[in-house]
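One structure below.
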Amino acid sequence: MTPAMVPWLSIRRAIREAQEALRRAGVGEARVVPTKSLSFGIVTSTSAFEEAREKGLDAMTHAEAVAVRTREHVGGLIADVRAAHPGYVNFFPDWRRFSESVVKGVLEDVGSFLYEGLDDGEVVVEHTSVNPNKALHVGHARNVCIGDTIFRLMSKAGRKVLVINYVDDSGAQMAELLLGFMELGFDLNPPEGTRFDEYCGDTVYVEVNRRAKVDRDIEAKRRRVTRELEDRGSRAFRLSREIALRVLRDQLRTCYRLGARYDMLVRESDVVASGLWEEAFNMLKASGAVYAADRGSKAGCWVADLSDHPVLSKEGDEVLVKSDGSTTYVARDIAFALWKLGKSKTELKFSLWEVRDGRTTYISSDDGIPARPESPKIVITVVDSRQRRPQEVVRHAISKLGVDAHRYVHYSYEPVLLSKRSAEALGAKAERGAIKMSGREGIYFKVEEVLNKLVEVATRETAARRPEWSAGKVRDVAEEIAVGAFRYGMLKVDSDKQIVFDIEDSLRLEGDTGPYLQYTVVRAKKILMKAEETGLEPSPAPVEGLTDEEMRLVREVSIVPLTIEDAVGTLRIRSLVTQARTLATLFNEFYENCPVIGGGPNANFRLGLVAAYVRVQGELMEMLGVPVLDEL
RNA sequence: GGGCCCGUAGCUCAGCUUGGACAGAGCGCUGGCCUUCGGAGCCAGAGGUCCCGGGUUCGAAUCCCGGCGGGCCCGCCA
């Protein structure tokens, strides 16, 4: 995309005009950024500080001189240039032109307004990846919400995104669940009214772990089952495939409820059978990235050589093939990483899983169509921060195979903890402020139960406000409110911070929540509807001066493309949440102070601004997976 | 012992990558705003050693160094 093709209807145009004016005034390549407050204009440059230092001048005096010279060269959206203490050069817009440019840009084509000029290319995102032995709890939900939001952001930004859910159906947790059915006599059918994934996680798995504490035979049996699982013809293997599929189907219902979607479900048992590891192993051996240890504690193993890694080298080399010939988790992850990167010749086979909302999902299988990613620019794996080290081992290994390590991104996030209050509500002891959730001990909140409680609260609130609505309509809207509140709660805390989950707090629908965004858009849409009834036409152009609230809202809309560009580059999705929230707050202030219907000479412009707000906020909410409603 | 992350208002968090103009929200607390497009909202007030100590800089919550406190990782588990 060449600059000439970009319409530059957002604040970028003001930035560009300011830079051009500074250049003509002899300042050179100056950094120009949006101001924090409108009293400082629309955009500002701090380059006078640096120039003054280099030339040994007083910053303020120099800034004033720069402002005077620059003022000669502005026009278009910029009306004035003024210096401000202690040395800023501030650019003040012609608000009528600036507003028209922004609102017109949004109303003509919100897509090009927000996403123009962003890179394209393929992206692979792996997320969810929950062991198929239990229902999703709120900790897993953070992974799903982050991963799905990355998918949504990248898709809107014009990338082709392949979403993968890695299903570890061959690990120890699966073996433990199997024990419940094979040795403890649990029926394969849950009690009436109980979901299979919840039955497995809440009842069977917890019971196996409870027994294992008092019965030493359980551990021996688990090892036996684990061995049996390696034989694809065994009864244990067939049973585990069946159970894993049933659990997966239920887990996906929850993911879909949260708004997530997938292209490929990849089962670890299929990866193991595919020969992917053997191929990767040969590549690793050929490159000298691995060696057979012949002494020390790892004698008899094949290990990854980490001696040239600045940090990992301090912790010893990594075992990839155990002395009994089986592979470790990290080994399989290296092989799968190569496959995701398109560096593997081995093709996994896929068959149709389902078609939902026009999106086709495939699952790995014994037979079917061979498929693999072609050559994605970037592969993002969403996994919690405890896997930083193994993920770094993967990166190190693939870079030794000639892959640019920048293409492999571990999207790390801190875990979800339970607040003391909520932990105690589950019967767990909490000495400190928050405790870890535990699948083995049944200490967790399931996503479904949290969503259901949210639906209850939202139903109560909605029914009270909308007594004329049918129960079905109330229920539909309450579901969307619940999902919006939940996803917002998962995304609003930055990924490097732990989330302390408190069930009572999570049921709030006021303040800094998803419903705040939903409510604000509904307000705006009501204005649009009412305007249509009264025959008021939207216009991008103000006919008189703007109020403070109008200026602030216009300005915020104008910087959204910058926020999106930044999020695409850094994957910091938290900034999208902040952006949506700020935008909504400014809209509410506008709403309180600037009547649209009967709003005087600028009524048409105000209507245009409301329409622009709805479009831009709608895009942000779609990215975050907070449903946009018409009414609530 | 080594490594990574966090530490900002009573509580939960933005801001830190790219240093800059008075450190911002939400919840809670106090007090206002429904004859105006719907009050899941808005306005005002109270509440801060930006963990501590050095350093760099005209300027540090932000960058650097050293501490302290909390979490996580360092397995032939996944």
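The values are calculated or read from the model by the stated rules, or taken from the named source; none is laboratory data. All values derive from a computational prediction rather than experimental measurement. Glycine also receives a Cβ, built like all others from the backbone with ideal geometry; neighbour counts cover every protein chain displayed.
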Practice item. Identify the residue in the range A:615-631 that is within 15 Å of RNA strand B (Cβ to nearest atom) and surrounded by 22 or more Cβ atoms within 10 Å (Cβ to Cβ) and, among all such residues, is nearest to A:L562 (Cα to Cα). Key: A:L620
Study note, to complete from the structure: Taking the range A:393-434 and keeping only residues that are under 25 Å from the mean Cα position of the chain (by Cα), within 16 Å of A:D308 (Cα to Cα) and surrounded by fewer than 17 Cβ atoms within 10 Å (Cβ to Cβ), one is left with A:A405
Check your understanding: When you scan the range A:520-569, how many residues do you find that are surrounded by fewer than 19 Cβ atoms within 10 Å (Cβ to Cβ) and either assigned by TED's automatic domain parsing to the domain that holds A:R465 or of a type in the set (S, T, Y) (or both)?
Key -> 2
Exercise for review: Six or more apart or on different chains, Cβ under 8 Å: which pairs go from a residue in the range A:412-438 that's part of a helix (DSSP H, G or I) to one that's surrounded by fewer than 15 Cβ atoms within 10 Å (Cβ to Cβ) and of a type in the set (D, E)? Could you list them?
Suggested key: A:R421/A:E504; A:S422/A:E504
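Collect the residues in the range A:567-582 that are more than 12 Å from the chain's Cα centre (by Cα) and modelled with pLDDT of 95 or more, keeping them in residue-number order.
Residues satisfying the conditions are A:T578, A:Q579, A:A580, A:R581, A:T582.
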Study note, to complete from the structure: If we keep only residues of the range A:66-80 that are hydrophobic (A, V, I, L, M, F, W, C), under 14 Å from A:G26 (Cβ atoms) and buried (at least 16 other Cβ atoms within 10 Å of the Cβ), then the residue nearest to RNA strand B (Cβ to nearest atom) is A:A67
**Study point:** Residues being crowded, with 22+ Cβ neighbours inside 10 Å and either at pLDDT 95 or above or in a helix (DSSP H, G or I) (or both) - total across the range A:162-172
**Key:** 5
Study note, to complete from the structure: Just one listed residue, out of A:S269, A:S326, is within 30 Å of A:D357 (Cβ to Cβ) and either in contact with a Ser or Thr (Cβ under 8 Å, 6 or more places away or on another chain) or surrounded by fewer than 21 Cβ atoms within 10 Å (Cβ to Cβ) (or both), and it is A:S269
Review point. Of the numbered conditions (1) modelled with pLDDT of 95 or more; (2) buried (at least 17 other Cβ atoms within 10 Å of the Cβ); (3) not in a helix (DSSP H, G or I), A:T149 satisfies every one except a single condition; which is it?
Key: (3)
Review point. What is the one condition in (1) surrounded by fewer than 17 Cβ atoms within 10 Å (Cβ to Cβ); (2) more than 16 Å from RNA strand B (Cβ to nearest atom); (3) in contact (Cβ under 8 Å) with a residue 60 or more places away in the chain; (4) among the hydrophobic types (A, V, I, L, M, F, W, C) that A:A286 does not satisfy?
Key: (3)
Review point. Restricting attention to the range A:479-519, and to residues there that are acidic (D, E) and more than 9 Å from RNA strand B (Cβ to nearest atom), which single residue is surrounded by the fewest Cβ atoms within 10 Å (Cβ to Cβ)?
Key: A:E504
Point to revise | Scan of the range A:464-477 for residues that are of a type in the set (D, E, K, R), in a helix (DSSP H, G or I) and loosely packed, with under 15 Cβ neighbours inside 10 Å, ordered by number | key: A:R465, A:K473, A:D476
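Hey, among A:E449, A:E480, A:E461, A:E456, which residue is within 20 Å of A:S506 (Cβ to Cβ), assigned to a helix (DSSP H, G or I) and touching a Pro at 6+ places or on another chain (Cβ under 6 Å)?
Result of the check over A:E449, A:E480, A:E461, A:E456: A:E480.
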Study note, to complete from the structure: Among residues of the range A:311-322 being over 20 Å from A:M283 (Cα atoms) and near RNA strand B (Cβ under 9 Å from one of its atoms), the residue surrounded by the most Cβ atoms within 10 Å (Cβ to Cβ) is A:L312
Check your understanding: Going by the structure shown, is A:L352 away from RNA strand B (no atom under 16 Å from the Cβ) and among the aliphatic types (A, V, I, L, M)?
Key -> yes
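For the range A:590-614, give me the residue count where each residue is small (G, A, S), on the phi < 0 side of the Ramachandran plot and more than 8 Å from RNA strand B (Cβ to nearest atom).
Within the range A:590-614, the subset small (G, A, S) is A:598-600, A:603, A:608, A:611-612.
Imposing the further condition that a residue be on the phi < 0 side of the Ramachandran plot reduces the set to A:599, A:603, A:608, A:611-612.
Restricting the remaining residues to those that are more than 8 Å from RNA strand B (Cβ to nearest atom) gives A:603, A:608, A:611-612.
Summing the residues that are small (G, A, S), on the phi < 0 side of the Ramachandran plot and more than 8 Å from RNA strand B (Cβ to nearest atom) in the range A:590-614 gives 4.
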Exercise for review: Take A:V355 and decide whether it is within 16 Å of A:Y166 (Cβ to Cβ) and either modelled with pLDDT of 95 or more or not in a loop (DSSP other than H, G, I, E, B) (or both).
Suggested key: no
Point to revise | Answer from A:V271, A:V311, A:V266 - the residue that is in contact with a helix residue (DSSP H, G or I) (Cβ under 7 Å, 6 or more places away or on another chain), outside the structural domain of A:V455 (by TED's automatic domain parsing) and touching a residue at least 60 places away in the same chain (Cβ under 8 Å) | key: A:V271
Check your understanding: From the set of residues in the range A:284-342 that are farther than 30 Å from A:A371 by Cβ and among the acidic types (D, E), which is farthest from the chain's Cα centre (by Cα)?
Key -> A:D294
